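Right, one structure below, let's go through it.
The values are calculated or read from the model by the stated rules, or taken from the named source; none is laboratory data. Just so it is clear, the model here is predicted, and its values are computed rather than measured. Quick reminder, even Gly has a Cβ in these numbers, built from the backbone with ideal geometry, and neighbours come from all protein chains shown. Note: areas computed on protein heavy atoms with side chains; ligands, DNA, RNA excluded. Shrake-Rupley method; radii C 1.70, N 1.55, O 1.52, S 1.80 Å.
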Amino acid sequence: MSCSLRPVGRAHRARLEALVRGTGLFREAEVATALELLDEALDGDDDYRFLGAFDGDDLTGYACFGPTPDTLGTYDLYWIAVDRARQSEGIGTQLVRAVERTVSAGGGRLIVVETSSRDDYNPTRAFYEARGFGRTATIPGYYAPGDDLVIYVKDLTHGNDLAGTAS
Ligand SMILES: CC(C)(COP(=O)(O)OP(=O)(O)OC[C@H]1O[C@@H](n2cnc3c(N)ncnc32)[C@H](O)[C@@H]1OP(=O)(O)O)[C@@H](O)C(=O)NCCC(=O)NCCS
């Protein structure tokens, strides 16, 4: 199904918090970080852009992304999450495609994603790999002993099909 995409406003802050927590993947400190980033964006910080996927007025997922400081055309996809009950409907793909189009339209070249090597992130890594992100670097034990940082990169200048829509 296709959701409408628009920025996440203050009215959806509580829904975003519940959505992030409800994925079951993030620690409470990470939930707090997600909200801090939203608050900064709502206060006008353009380094963090929140794109929401909406089914009517219901926030079903969102992506947070922004230009990586001190780079030329590199962007970080800081966060992406889809309501647990709505996963595997193509909403995450729709969000990633929209982020790619926005970054590309703004002259961006690279999108960088940091994630975890933990087994519970297997579907997440499969998601990035299936959407054309390449596993580029690993820092062993970065998050915790046995929990590596895995960095994915997508080069938007290499003829990717940015017009692709959600599956
Ligand atoms: C990763 C995530 C954003 C993908 O969004 P989504 O709307 O479920 O993704 P889509 O429906 O567009 O694509 C589904 C694909 O994602 C992968 N996937 C990720 N999580 C999945 C899940 N819980 N169930 C099924 N597939 C999942 C599969 O590879 C699937 O591939 P397929 O289309 O070939 O079957 C979403 O599952 C999510 O919020 N996960 C928890 C939070 C998270 O991991 N965020 C990223 C942190 S770095």
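Per residue, the accessible area of the chain comes to 49 Å², computed with a 1.4 Å probe over protein heavy atoms only. For the range 1-87, the Stokes-Einstein estimate of translational diffusion at 4 °C and a viscosity of 1.567 mPa s comes to 98 µm²/s, using the Kirkwood hydrodynamic radius over alpha-carbon pairs.
Most simply put, the chain has about 90% antiparallel DSSP beta bridges, counting only bridges with both residues inside it.
Largest to smallest in accessible area, the residues Ser116, Ser88 fall in the order Ser88, Ser116 (1.4 Å probe, all protein chains included). Accessible surface of Asp39, taken over heavy atoms with a 1.4 Å probe and every protein chain present, rounds to 50 Å². Taking all protein chains together, Thr71, Thr115, Thr124 sort by accessible area into Thr71, Thr124, Thr115, largest first [probe 1.4 Å].
When Arg131, Arg109 are compared by accessible area of protein heavy atoms, the largest-first order is Arg109, Arg131, using a 1.4 Å probe.
Averaging Cα coordinates gives a centre for the range 110-147 and one for the range 1-53; these two points are 21 Å apart. The Cα atoms of the range 64-167 give a gyration tensor whose axes a ≥ b ≥ c have a/c of 1.5 or more with a/b no greater than b/c, which makes the shape oblate. On the range 46-167, 50 percent of the accessible area sits on carbon and sulfur atoms, based on a 1.4 Å probe. For the chain, modelled as a GNM with alpha-carbon contacts under 10 angstrom, which of Ile80, Ile151, Ile91 fluctuates the most? Between Ile80, Ile151, Ile91, it is Ile151 that shows the largest mean-square fluctuation.
Note on Ala32 and Asp55: their simple-model spin labels are 3.2 nm apart, each label 7 Å out from Cα toward Cβ. The slack in the chain from Asp70 to Asp45, taken as 0.36 nm per residue of separation less the alpha-carbon distance, amounts to 7.4 nm. Under 5 Å between amide hydrogens, built in the peptide plane, is the criterion, and for Leu149 it picks out Ile139, Gly141, Tyr142, Tyr143 among residues at least 5 positions away or on other chains.
For Glu28, the accessible surface of its heavy atoms amounts to roughly 100 Å² (probe 1.4 Å, protein chains only, rounded to the nearest 10). On the full set of protein chains, 1.4 Å probe, figure out the accessible area of Tyr142 and give it in Å² to the nearest 10. It works out to around 120 Å².
Charging the Cβ of each Asp and Glu at -1 and of each Lys and Arg at +1, and nothing else, the dipole of the range 38-109 about its Cα centre rounds to 480 debye.
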